[in-house]
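We did not get these values from a lab; they are worked out from the coordinates using the rules stated. None of these values were measured; they are calculated from a predicted model. Cβ atoms come from the backbone with ideal geometry, glycine included; neighbour counts cover every protein chain shown.
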Amino acid sequence: MQFAKKKSYSQRRGQVTLFLILGVAVIAILALVLYARDIGIGINPQTFLNNELSSINNEIGKCSDQRGNFVINALGKQGGDMNPLRYKLYNGYRVNYLCENIVGKDTCASRMMLLDDLEQEINTAMEFELKSCVNLADYIGKVYELNVGKLTVKSEIGLESILIRVMWPITLRKGEITASISDFSEEVNIPLGRIYRAVNDILETESNVGFFEKEAYILMHRNEYAIEIDRPYPDKIYRVGVPYHPYKFQFAVEGEASKK
């Protein structure tokens, strides 16, 4: 009887050992399969490189979308300048003075940025943001050669959207097989071009007249624009948008403090 119990115990222990061995073997096989896939074993070389390049392209697209919205919103909150030199610190933002005080006058000197200037701000900021967002280090040291060219961003501000074109030549090479991408385009649905028109009109009025009649302007344009004005003494903060979109472009008009 005692011998039977010992035999049963030995059988169970043997079964457990066998299951452990099988489990380790399965894990090892899965690890080898994943490793083989990672280095392209058993996959057509062109297909393997294309898959790797598609992963890089997806990461660029994701970063372009995320950082594009961040950059354009930051420009809107800071009056079209990522690093303004003359600004009003307001609600935690450095709001660019787009019209500077002229001593002794109600009018101001307009510093309105051209659309080309705004596009260049977007380009420069996006190049910086993409370099910090896209992690190409994960693709270095693999079984292929990675060649990365110069990153260039070109944006185009339209009435209802902004086209951001990312030009970043990237080539993967494995022996004589290559796969390449060179550009990626992202459209951000923010009506900055339309808002820019109203901002320009406001600055022209402030610089020539010294006062902007908000209600009359909105009525004249058939409620096309949504305009808010705050007056942190002695300045003005304008927030300009359109009723159908949450985006706002804010800027400061510099005033002159009364002399006591």
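Fewest Cβ neighbours within 10 Å first, please rank Phe184, Phe251, Phe48 accordingly. Write down the numbers at each step before the final one.
Working: Phe184 18, Phe251 29, Phe48 22.
Lowest to highest Cβ neighbour count: Phe184, Phe48, Phe251.
When the distances between all Cα atoms of region 175-260 are binned every 10 Å from zero, what whole-number percent does each bin get?
The calculated distribution, bin by bin, is 14, 39, 20, 10, 7, 6, 3, 0.
What distance in nm lies between label points placed 7 Å from Cα along the C-beta direction at Tyr217 and Asn69?
2.8
Could you tell me how far the Cα centroid of region 64-92 sits from the Cα centroid of region 116-167, in Å?
Here the answer is 18 Å between Cα centres.
Using each residue's phi in region 112-123, evaluate 6.51 cos²θ - 1.76 cosθ + 1.60 at θ = phi - 60° and report the 3J(HN,Hα) Karplus result to the nearest Hz, with x for Gly and Pro.
Coupling constants for region 112-123: 4, 7, 6, 4, 4, 5, 5, 5, 5, 4, 4, 4 Hz.
Which value in nm describes the separation of the simple spin-label points at Glu59 and Gln46, placed 7 Å from the Cα toward the beta carbon?
Simple spin-label model gives 2.5 nm for this pair.
Listed here are the pairs Lys105/Lys236; Lys150/Lys174; Lys154/Lys174; Lys62/Lys236; Lys77/Lys214; which of them are more than 26 Å apart at the Cα?
Working: Lys105/Lys236 15 Å; Lys150/Lys174 21 Å; Lys154/Lys174 31 Å; Lys62/Lys236 37 Å; Lys77/Lys214 20 Å.
The answer is Lys154/Lys174; Lys62/Lys236.
How much net charge surrounds Phe184 when only the other residues with a Cβ under 15 Å from the Cβ of Phe184 are counted, with Lys and Arg +1 and Asp and Glu -1?
Numbers: positive: Lys62, Arg67, Lys131, Lys150, Lys154, Arg165; negative: Glu59, Asp65, Glu127, Glu129, Glu156, Asp183, Glu186, Glu187.
Around Phe184, the surrounding residues sum to -2.
Could you give the length gained on full extension between Leu85 and Asp138, defined as 0.36 nm per residue of separation minus the Cα-Cα distance, in nm? Walk me through the intermediate numbers first.
Values: separation 53, 0.36 × 53 = 19.08 nm, distance 3.80 nm.
Full-extension gain reported as 15.3 nm.
Fewest first, what order do Lys154, Lys77 take by the number of other Cβ atoms within 10 Å?
Lys154, Lys77
Listing Asp81, Asp65 from the residue with the fewest other Cβ atoms within 10 Å to the one with the most, what is the order? Walk me through the numbers before you get to the answer.
Working: Asp81 22, Asp65 14.
Arranged by neighbour count, lowest to highest, Asp81, Asp65 become Asp65, Asp81.
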